[in-house]
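The values are calculated or read from the model by the stated rules, or taken from the named source; none is laboratory data. Everything numeric here is computed off the predicted structure, so don't read it as measured data. Here the Cβ positions follow ideal geometry from the backbone for every residue, glycine too, while neighbour counts run over all protein chains shown. Note: accessible area is taken over every heavy atom of the protein model, side chains too, but ligands, DNA and RNA are not part of it. Shrake-Rupley method; radii C 1.70, N 1.55, O 1.52, S 1.80 Å.
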Amino acid sequence: MVLDSSSLLQILIWGLVVGSIYMLLATGLTLIFGVMKIVNFAQGELMMWGAFLTFLLARWLEVNPYAALAGSALLVGLAGVAIERFGFSRIRGTAKINEIFLSIALILVLQNTLARVFVPYFREYAQIRTPYATEFFDLGVINLRYDFVILIGLAWALMLGLGYFLYRTAVGRDLRATSQNRSAAMLMGIDVRRVDMLCFCIGAALAAVAGSLYGVINPFSPYAGTIAAIKAFAVIILGGLGSVTGAVVGGLLYGVVESVATFFLGGSWRDAIAFVLLIVVLMLRPEGIFKEGG
Amino acid sequence: MANTRWFDLAMALAMVVAAPAALAQAGTVRLGLLTSMTGPAAGTGLDQQRAATLAVEEINAAGGVSVGGKKLKLELVTGDDQTSREGAVSGVTRLLVEDKVDVVFGGLGSAFGMAALPLIRDRGVPYIPTPSTPLFTRTMELGPDPTKSMVFHYQGTGLMYGAATADFIAQALRRGERAKVVWLYQDSPFGAEYVRGYSDRIKERNLPLDTVATERFKVGETDYRAQLTKIKALAPDVLVPMGFRGETVAMIQQAVLDVGLDRKKTAIGPVCACADDPLYYKDLGRVGEYTTILSLYSTYAAPKNRLFARWEPFRELFVKRYGILPGVMGVSAYDSVHIAAKAIELAGSLDKAKIVDALGRLEMDQQVLPVNGGKLRFDPKFREVDFYLIAQQLLWDDKVKELRPVVVWPHEVAEAKYRQP
């Protein structure tokens, strides 16, 4: 298969687009893990709830889906706070298996509730329609839909905003301090309970944004979050557990590798090849590309 | 004395518990619809349940089925396969053990039906599956003699669709010209059979079609851009996107909008008949203009031919009752109820072996789905039905702001010729 310049450019763009979604999802996940040392397996289901709420809000309020996305992120963020308060905070400090089972229970509850609401109205799939679905940028060799540019731009704007929040604000500093040493942070007067809630809120909101952007470019179902969450886990292991920089680099790398592998090896390799990459990275650098807290 | 009293009480209780089941057994014929009522395919399962309900009500309104001189009413019982193999096993167990159904029918996913099959076979219950994979009737491991199987497949199969795809491309789409064809198909037994049916037909009829690439995707995958980028680089004359409804919509939209496939050079279709559903037309939008679709039952078209005479009345009936149009899977469930009822009458008994025998020798007027020659029968070798497939081209209708089909193949029922954009 000869790879011409337009195909190469398209493949890289598809990789960056899907990588940006992984990046958002994985950042939320790594933030929760970094601060609370909790692995939230239900991140994929929060993602799909985000997509579904954006779909509904845009339709009911008759607003641009990108505006509806803000409402969806807020609602899912609040749901994240509730999950943390009434779920994870109650079992904090008990056996790790309790957290795992709580996560699995959340997957089933969130997925089945969504399916109950979703299926009678939309059958198997729904897609978020934006006013820009047939608007294109002419890049010479290819035309690029506005939605892809908005997706990448929005994802990066959020990452930069998160970076600013974490490294330039007092609350962000509290969050990083809690991540580095929870006990010391408590002794320094940081309200770690509030940090936990905030962290879950941001993580869930990022999942909602990831889901909404996914829903703009792909049809989605209540079940589509599971495989996306598994990939997000692979991304944070690849990038380094608890490292936001690692989630960003890992997400993009994962997206591009997946896209290139699908082009050359076929769709059957789409999921497998990225895990091959993960194994290779872990063999060479067991701590991931970036160390925890990077 | 005390023991006798306890025994009498236990007997009385047992009779109270068993009586409703016994009465149901004696007074009704229980048809078990095994389909997806929850999980990703629940929407289509609901379509099947609604259509089957209509058929049951129709037959009951006409007095029911004649069994041994008595008129018995039909009762529809639904077993949920939960869109999973495990769900299919528990769903069919309920149908067989608890509901004690006389016939099992329906279903969407071959894998789920195949998971339920051993249990159905163990009890010798007649089974009319409606998923498209011909595994049900063409897998030798099913028994020493497949012709003695109790499975009667009522759905167009991947092999049929594949063969029709080759015929349609050669005859109508390319009109005998040599063509470079590319497939983007679902990596599943259904997809594999579909492509096999297509390849076999090319060899069998020496059709001038060169298959230059066969790209696959996993079931449920909705991002095909990388494969489509590769396909675009091959500049094919025809792209055949093969998948379920949602997958097909995504493939076509991504091919046209995102990857920028040259529509003037590359024809898209025919897509699988299993995608023909009201939502397909709605979801695809204008992007799907000029694409083609195979159909066993069309959501909107009504060719003027006796084979399609029941399409319009069935649609009206369904819309009147549920307010929405039915899909092809619903229609196959509707027909299956009529087939089961007819076979039971022919058997003159609820004895399962006799119903199986009756299904084997059944010959009746076709129901809603069109059959070659208009007579519905299961062929003795594979117990499949010889369906009549059509191909439609989708054109934009400004009045309804949606795509609407025009039948373009086979020529004896075609309303227009295929048009390249």
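Key figures
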| read-out | value |
| --- | --- |
| Flag if A:Leu106 is modelled with pLDDT of 85 or more and over 20 Å from A:Ala42 (Cβ atoms) | no |
| Single residue of the stretch A:144-166 satisfying the filter (without any contact (Cβ under 8 Å) to a residue 60 or more places away in the chain and within 27 Å of B:Arg245 (Cβ to Cβ)) that is least open to solvent (accessible area, probe 1.4 Å) | A:Arg145 |
| Yes/no for A:Val257 being away from chain B (no Cβ under 14 Å), open to solvent by less than 50 Å² (accessible area, probe 1.4 Å) and closer than 23 Å to A:Leu154 by Cα | no |
| Verdict on A:Val235 being open to solvent by less than 10 Å² (accessible area, probe 1.4 Å) and assigned to a helix (DSSP H, G or I) | yes |
| Every pair of residues 6+ apart whose Cβ atoms lie under 6 Å, when the first sits in the stretch A:263-283 and is touching a residue at least 40 places away in the same chain (Cβ under 8 Å) and under 21 Å from A:Leu241 (Cα atoms) while the second is in a helix (DSSP H, G or I) and open to solvent by 20 Å² or more (accessible area, probe 1.4 Å) | A:Ala274/A:Val257 |
| Candidate set from the stretch B:176-219 (those that are crowded, with 18+ Cβ neighbours inside 10 Å and in a loop (DSSP other than H, G, I, E, B)); member that is farthest from the other protein chains (Cβ to nearest Cβ) | B:Leu207 |
| Selection status of B:Leu173, in contact (Cβ under 8 Å) with a residue 12 or more places away in the chain, at negative phi and within 14 Å of chain A (Cβ to nearest Cβ) | no |
| Answer residue from the stretch B:247-277, given it is within 7 Å of chain A (Cβ to nearest Cβ) and open to solvent by 10 Å² or more (accessible area, probe 1.4 Å) and is nearest to the chain's Cα centre (by Cα) among those | B:Leu257 |
| Output for the stretch B:278-304, where each listed residue is more than 10 Å from chain A (Cβ to nearest Cβ), charged (D, E, K, R) and farther than 22 Å from B:Asn372 by Cα | B:Lys282, B:Glu289 |
| Residue match in the stretch B:65-74 (condition: part of a helix (DSSP H, G or I) and under 19 Å from B:Ala347 (Cβ atoms)) | no |
| Test: residue in the stretch B:149-165 that is open to solvent by less than 10 Å² (accessible area, probe 1.4 Å), free of Cβ contacts under 8 Å to residues at least 40 places away in the same chain and assigned to a strand (DSSP E or B) | no |
| Tally, over the stretch A:32-67, of residues that are touching a helix residue (DSSP H, G or I) at 6+ places or on another chain (Cβ under 7 Å), surrounded by fewer than 22 Cβ atoms within 10 Å (Cβ to Cβ) and assigned to a helix (DSSP H, G or I) | 3 |
| Residues satisfying the stated conditions in the stretch A:205-254, i.e. away from chain B (no Cβ under 14 Å) and among the polar types (S, T, N, Q) | A:Ser212, A:Ser243, A:Thr245 |
| Number of the exception - A:Asn98 against (1) within 14 Å of chain B (Cβ to nearest Cβ); (2) open to solvent by 30 Å² or more (accessible area, probe 1.4 Å); (3) polar (S, T, N, Q) | (1) |
| Residue check, B:Ile344 open to solvent by less than 10 Å² (accessible area, probe 1.4 Å) and out of contact with any Asp or Glu (no Cβ under 9 Å at 6 or more places or on another chain) | no |
